[in-house]
Amino acid sequence: PLSVPLPAPDRRPDAPDTAERRRRRLDLHASLTVAGIAPRAGDLHAIEVLSLVDDTTFAALLRWITGTP
């Protein structure tokens with residue numbers, strides 16, 4: 001058995017805090033909408049999951065959506 005408990009699967013130690021996740025969700029919504037991809041109600045879970053990725057991955061995701069170098 002492990003002597004140190006593992007973090008809950010939905011909250012990694014390097015995951016962004018609540019305020020950062022909220023900002024990321026808004027950034028994703030805005031970027032998708034500007035790109036002509038209006039998120040559907042069923043996409044909210046995917047947006048929530050994507051808001052939990054590390055900073056480098058999130059920056060790449062926004063770069064892909066917005067088409068910026």
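List of remarks:
- If you go through the range 16-69 and keep only what is open to solvent by less than 80 Å² (accessible area, probe 1.4 Å), part of a helix (DSSP H, G or I), in contact (Cβ under 8 Å) with a residue 12 or more places away in the chain and of a type in the set (A, V, I, L, M), you end up with 28, 32, 47, 50, 61, 62, 65.
- Hits in the range 38-69 - residues which are over 12 Å from residue 16 (Cβ atoms) and among the aromatic types (Phe, Trp, Tyr): 64
The values are calculated or read from the model by the stated rules, or taken from the named source; none is laboratory data. Just so it is clear, the model here is predicted, and its values are computed rather than measured. Ideal geometry is used to build each Cβ from the backbone, glycine not excepted, and the neighbour counts take in all protein chains shown. Calculation scope for accessible area: heavy atoms of the full protein, side chains included, ligands and nucleic acids excluded. Shrake-Rupley method; radii C 1.70, N 1.55, O 1.52, S 1.80 Å.
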